[in-house]
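Encoded as C-alpha cells, the structure appears first; notes follow it.
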Amino acid sequence: MKRRVFIAGLAGAAVWPVVAQGQQAAMPVIGFLDPTSPDILTDRLRAFREGLKETGYVEGKNLAIEYRWAEGHNDRLQALAADLVRRQVAVIVATGGPPPALAAKAATTTIPIVFGIGDDPVRFGLVDSLAHPGGNATGTNSFISELVAKGLDLLRELMPGIARVAVLVNPADARTTEFTLSDAEVAAHAIGVQIQIVKASTGGEINAAFATLISERVDALFVNSNPFFLSRRVQIAILAARHAVPATYGLREFAEAGGLISYGTSLRDASRQQGIYVGRILKGEKPADLPVVQATKFELIINLQTAKALGLVVPPTLLARADEVIE
C-alpha cells in the first residue's frame, strides 16, 4: 500500500503558492506535522490559527502552511518530516505527542521546531530545560502523561472499592508507553490497587483489549492520552459502555464522546500558544530563547449520563469540583 501524503487545510484547501513578484517578499511557509488526520484537529487548528493571527499572520494572506498527516501511522512521520525539510519551510510545527517532535528533531538541527506534547520534553531529549530550551525546538507541555495518578485517584473516589484497574496504552508509541506504565505502577502502588496492562495500536486490537480486560474482571479502565486513542474515542467510549467498564481519560474529547470522566489540560489553549510561538519565531526570535509553555489550567469533565447508565452515583464533592458536567 503506497504511503499517501496529504496537504490539506480544514476543508481540504490547496496549499497557497509562494511567489515573489517584483520587490514583494516571498510569503513564509511553515510545515505542520501531526500523526492523525485533519478531521481530528478541527478545533485545535482553529485555535492554532488564532494564535498566528495574534502575532499578525493569517494563512493565505501573508503565510502559507504545508500540512502533513500520518493518519495514525507513526512510521510515516520520519519521511513526512524529511519532506518538510527538503521544502525548506521556515518553521515545523510538530503536534500530537513526542513521535512527531522527535521525527522533526531528527530531520533537522537548523529549522525551528514548535512542538505540542503531553510529556516532559526534557525526558525525551527535545530541549535542554523548560526555561532554556537551547537548540532549535520549543513548544508546549500539557502534562497529559503525568496525570496517571490523578486519573486513578478519580476512579477510586468514584468507586472506593476498586482493586484492579486496566491501563490501555499504544505500543506503537514505545517511549511514551514506557513512561506511562512507569508512572502508573508508582501511582497504583501508592493507592493500593493493582494494574492490568492492555495494549492496542489498531481498531481490532482495541476490541481485543476490551475482551481481555473483561475476561480479567478488572474494576475500571484508565486510557492513556495517545493521539491514536483520541482518533478512536467513539469506539472506546462505546465499548466501555457496552461492557459497563468505568473509565477515565486525560482529554475532554473522550468525555464529550461518551466517556465517564476526563481530567487534563486544554489542548485548544496549547494550540493557540503554538501559533503564537510560530509567529514570534517568524519575526526573528529563536526557539532556544523561548521557554517551553507549561499548562497551568486543568479541567475535570464528568459525563453524568454515562455515570447513570453505568449505575454509578457520583459523589457530590466530585460533582462540585467539576468544571463541566455533561447531563
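Rule-based calculations on the coordinates, nothing more; no lab input. If you're wondering where the values come from, they're calculated on a predicted model, not measured in any experiment. Methodologically, a virtual Cβ is constructed for each residue, glycine included, from the backbone with ideal geometry; neighbour enumeration extends over all protein chains shown.
Listed here are the residues, each with its yes/no results for (1) under 24 Å from LEU310 (Cα atoms); (2) surrounded by fewer than 19 Cβ atoms within 10 Å (Cβ to Cβ); (3) in contact with a Cys (Cβ under 9 Å, 6 or more places away or on another chain).
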{"site": "ASP153", "(1), (2), (3)": "yes, yes, no"}
{"site": "ARG164", "(1), (2), (3)": "yes, yes, no"}
{"site": "ASP173", "(1), (2), (3)": "no, no, no"}
{"site": "THR180", "(1), (2), (3)": "no, no, no"}
{"site": "ALA190", "(1), (2), (3)": "no, yes, no"}
{"site": "ILE197", "(1), (2), (3)": "yes, yes, no"}
Exercise for the section: Inspect all residues belonging to the range 114-132 and state whether any of them is of a type in the set (D, E, K, R) and over 18 Å from ASN226 (Cβ atoms). Expected result: yes
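From the residues in the range 268-311 that are of a type in the set (Val, Ile, Thr) and in contact with a helix residue (DSSP H, G or I) (Cβ under 8 Å, 6 or more places away or on another chain), which one is surrounded by the fewest Cβ atoms within 10 Å (Cβ to Cβ)?
Let us first name the residues in the range 268-311 that are of a type in the set (Val, Ile, Thr), namely 276, 278, 281, 292-293, 296, 301-302, 306.
Checking the rest, the ones that are also in contact with a helix residue (DSSP H, G or I) (Cβ under 8 Å, 6 or more places away or on another chain) come to 276, 278, 281, 293, 301-302, 306.
Working: ILE276: 22, VAL278: 27, ILE281: 22, VAL293: 19, ILE301: 22, ILE302: 25, THR306: 21.
Taking the candidates together, the pick is VAL293.
Is it the case that some residue within the range 211-223 is out of contact with any Phe, Trp or Tyr (no Cβ under 9 Å at 6 or more places or on another chain), among the polar types (S, T, N, Q) and in a helix (DSSP H, G or I)?
Here is the first cut: in the range 211-223, the residues out of contact with any Phe, Trp or Tyr (no Cβ under 9 Å at 6 or more places or on another chain) are 211-220.
This time we only want the ones that are among the polar types (S, T, N, Q), so: 212, 215.
In the following step, the residues that additionally are in a helix (DSSP H, G or I) were identified as 212, 215.
The answer is yes, given that some residue of the range 211-223 is out of contact with any Phe, Trp or Tyr (no Cβ under 9 Å at 6 or more places or on another chain), among the polar types (S, T, N, Q) and in a helix (DSSP H, G or I).
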Completion exercise
Taking the range 245-267 and keeping residues without any contact (Cβ under 8 Å) to a residue 60 or more places away in the chain, surrounded by fewer than 24 Cβ atoms within 10 Å (Cβ to Cβ) and part of a helix (DSSP H, G or I) leaves GLU253
